[in-house]
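Here's the structure, in structure tokens; my notes come after.
The values are calculated or read from the model by the stated rules, or taken from the named source; none is laboratory data. Predicted, not measured: the structure shown is a model, and the values here were computed from it. Glycine gets a Cβ as well: all are built from the backbone with ideal geometry, and neighbour counts include every protein chain shown. Accessible surface areas use protein heavy atoms only, side chains included; no ligands, DNA or RNA. Shrake-Rupley method; radii C 1.70, N 1.55, O 1.52, S 1.80 Å.
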Amino acid sequence: MFALAGQQTIGYFAAGHGPWQPEAERFGWIRVVIVPGSWTEDRYLEMLDAAEGWQRGEGASTLVARLHSRFSAEIESLEARGYREVRRQSEWELDLAGRKDQLLATAAAAREKVKAAGVSMRTLDQDDDPNKMQKLYDLTNESEQDIPTTVPIRTLPYDDWYRRWFASPGIRFDRVWIARLGDDIVGISMIEIPPQRGVTWTAYTGTAKRARGRGIARALKYETVAQAIELGLTRIRTSNDGDNAPILHLNAEMGYQRLDPMIELHRTLDR
């Protein structure tokens, strides 16, 4: 829904939710955006009322708002309404140009370490297994369930999962790295490069439970960074839940610098 001031669009609100399971908490997300020069608390609260009203009509029980910590006025308005912070998503940026030599050297060492453990790495386009996509689907579903979260991560049907990842123009098979142990795919890390403009991100990194403790996630993430350097990129970003200690440790080791975190706030919706 758009907000107008005269004939000019000054903002919008959006709201939605996934399928709800019987007896489970009914989470619904909302977002209110107003252009900076037109932002007032009254306008923000009016649009928030509309978004909450839509969720109330849908039957949501808990509202979820996510926004960067720099939006302090919006956060204050949400907290005054009864929203409370429940999680933080850490966001990071890595200077590829300044740390090039160190990153490439560590990537080579990590590659040799997992190779000695019987693990091979390659890009998805170089893998000729006819069942690779089903194996990748199973792996991402398994690894996603270990991500710290408050709102449950829904397991998508295969076609929806494929569109979510591979319909994006920024993700290509030759930039999706997988790790194999025997016939199994046990790890994945992929980079997303906007085709026109924008910042490159590590879109996802995950490993199978049975293969953890071998440095696979570390080797894959370094491999994607080495590829980004070879492509001439000068920086790359990543985001992780603030409670995901292993990945946060790896980011610090690689030299990532913290950016503005994403704050997740919840409010129990009254009827």
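Scanning region 237-249 finds no residues that are farther than 29 Å from Phe27 by Cβ, in contact (Cβ under 8 Å) with a residue 60 or more places away in the chain and surrounded by fewer than 21 Cβ atoms within 10 Å (Cβ to Cβ). One residue stands out in region 181-232 among those that are part of a helix (DSSP H, G or I), β-branched (Val, Ile, Thr) and over 15 Å from Pro246 (Cβ atoms): the one that is most open to solvent (accessible area, probe 1.4 Å), namely Ile229. The test for being open to solvent by 30 Å² or more (accessible area, probe 1.4 Å), over 25 Å from Trp201 (Cα atoms) and either in a loop (DSSP other than H, G, I, E, B) or not aromatic (Phe, Trp, Tyr) (or both) holds for Ala80. Count of region 86-141 residues, restricted to those that are charged (D, E, K, R) and either farther than 30 Å from Asp183 by Cβ or in contact with a Pro (Cβ under 9 Å, 6 or more places away or on another chain) (or both), is 8. Checking Leu136, Leu103, Leu156 one by one, the residue that is of a type in the set (A, V, I, L, M, F, W, C) and part of a loop (DSSP other than H, G, I, E, B) is Leu156 and no other.
Note on region 136-180: residues that are of a type in the set (Lys, Arg), more than 28 Å from Ser61 (Cβ to Cβ) and open to solvent by 50 Å² or more (accessible area, probe 1.4 Å) amount to 2.
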